[in-house]
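J.: Quick one: this structure, given as structure tokens, is what I'll be asking you about.
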Amino acid sequence: RNDDFLYVCYDNEAYMNTGIQRSSATPWGAWTTTTPPANLKNQPKKDIVQIMAAHRIPYAATASIAYPEDFARKINKAKALRGLKFIYAFSPCPVGWRFPSEQTGRLASLAVQTKIFPLYEVEDGDRFLLNVEPEGLPVGEYLKPQGRFAYLREGDLERIQENVDREWKRLMARMA
């Protein structure tokens, strides 16, 4: 209906408030209480921003706690527009991801710098704009500090890297 509404979706990649349960936002290969080591999640994380963009809403964007100025700019931009706006806000969860809380900001930054969580905007479903050019670090730098990925098997890091590279190419093909 395109109601004038700003929706901010907080993503910590699982249902953390109900005991670290698997969700559509849980990435491939991650441990949760409902995906034990013998049965890790075998499906990729759903790309909710692309789903929202496909509906051609006036504004959709990704944001991260590691980039507060970018986050604030996107909130202000969204508030100035009419219609449905969607901001997908990424934040690591120390308890659910099994890492020391003092590493939260570092992991949030690594998600962007490894291209796992790109920061971009989509206007009217077809104008894509990259906001932060990532360094392109290997995904292992982001995954290895997290206990939820401790059960990955040989070849899994390579498989995840290939998927990240493929998704990055798809996203770059959409950029203006």
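The values are calculated or read from the model by the stated rules, or taken from the named source; none is laboratory data. The structure presented is a predicted model; accordingly, all values stated were derived computationally and were not measured. Note: ideal-geometry Cβ built from the backbone for every residue, glycine included; neighbour counts use all protein chains shown. In case anyone asks, the SASA skips ligands and DNA or RNA and just uses the protein heavy atoms, side chains included. Shrake-Rupley method; radii C 1.70, N 1.55, O 1.52, S 1.80 Å.
J.: Quick one: with all protein chains in place, what share of the accessible area of region 110-158 is carbon or sulfur, to the nearest percent (1.4 Å probe)?
T.: Numbers: 1090 of 2270 Å².
Within region 110-158, the accessible surface is 48 percent carbon and sulfur.
J.: Using Cα springs under 10 Å in a Gaussian network model of the chain, which residue among GLN43, GLN113, GLN146 shows the largest mean-square fluctuation?
T.: GLN43
J.: Also, quick follow-up: Mark the label point 7 Å from the Cα of LYS77 along Cα→Cβ and return the residues of region 1-28 whose backbone N is within less than 12 Å of it.
T.: none
J.: With a 1.4 Å probe and all protein chains in place, put ILE75, ILE65 in order of accessible area, largest first.
T.: Values: ILE75 40, ILE65 75 Å².
Greatest to least solvent exposure: ILE65, ILE75.
J.: Could I ask something else about it? Spelling out what I want: for every residue of region 100-114, take phi, set θ = phi - 60°, compute 6.51 cos²θ - 1.76 cosθ + 1.60 (Karplus), and round to whole Hz; glycine and proline get x.
T.: Computed from phi, the couplings for region 100-114 are x, 4, 5, 9, 4, x, 4, 5, 4, 5, 4, 4, 6, 5, 8 Hz.
J.: Principal axes first, then extents: for the Cα atoms of region 77-157, list largest minus smallest coordinate on each axis, whole Å, largest first.
T.: Sorted from largest, the Cα extents of region 77-157 read 46, 25, 19 Å.
J.: If you don't mind, there's one more thing I want to ask. If you only keep lysine pairs separated by 8 or more in sequence, or across chains, how many in the chain come under 19 Å at the Cα atoms?
T.: The result is 11.
J.: Another question, then. Between region 6-21 and region 65-86, what is the C-alpha centre distance in whole Å?
T.: When both Cα centres are located, 19 Å separates them.
J.: Another question, then. Protein chains only, probe 1.4 Å: how do THR33, THR26 rank by accessible area, largest first?
T.: Working: THR33 75, THR26 0 Å².
Solvent-accessible surface, decreasing: THR33, THR26.
J.: Contour minus end-to-end for GLU69 and ASP47, with contour as 0.36 nm per residue of separation and end-to-end as the Cα-Cα distance? List each step's numbers first, then the result.
T.: Working: separation 22, 0.36 × 22 = 7.92 nm, distance 2.34 nm.
Length gained between GLU69 and ASP47: 5.6 nm.
J.: Please report, to two decimal places, log10 I(q)/I(0) for region 69-110 at q = 0.22, 0.27, 0.32 Å⁻¹ as given by the Debye formula with identical point scatterers on the Cα atoms and no solvent.
T.: -0.75, -0.90, -1.09
J.: Treating only the Cβ of Lys, Arg, Asp and Glu as charged (+1, +1, -1, -1), what charge dipole size does the chain show about its Cα centre? Round to the nearest 20 debye. Mind showing how you got there, number by number?
T.: Values: 24 positive and 21 negative charges, 78 e Å.
Approximately 380 debye in magnitude.
J.: For region 111-176, what is one quarter of the convex hull surface built on the Cα atoms, given in nm²?
T.: Numbers: hull surface 19.1 nm².
In nm², the orientation-averaged hull projection of region 111-176 is 4.8.
J.: Share of antiparallel DSSP beta bridges in the chain, in percent to the nearest 5? Present the calculation step by step, with values, prior to reporting the outcome.
T.: Values: 9 of 23 bridges.
Given both bridge residues lie in the chain, the antiparallel proportion sits at roughly 40 percent.
J.: Probe of 1.4 angstrom, ligands and nucleic acids ignored: what's the accessible area per residue over the chain, in square angstrom?
T.: Details: 9290 Å² over 176 residues.
Per residue, the chain has an accessible area of 53 Å².
J.: Pick from ILE20, ILE51, ILE87 the residue whose mean-square fluctuation is largest in a GNM of the chain, springs joining Cα atoms under 10 Å.
T.: Taking springs between Cα atoms under 10 Å, the residue moving most is ILE51.
J.: Follow-up. With each pseudo-label sitting 7 Å past Cα toward Cβ, what's the GLU135-MET16 distance in nm, one decimal?
T.: It is 2.4 nm.
J.: Can you tell which of LEU119, LEU81, LEU152 shows the greatest fluctuation in a Gaussian network model of the chain with Cα springs below 10 Å?
T.: Result: LEU81 has the largest fluctuation of those listed.
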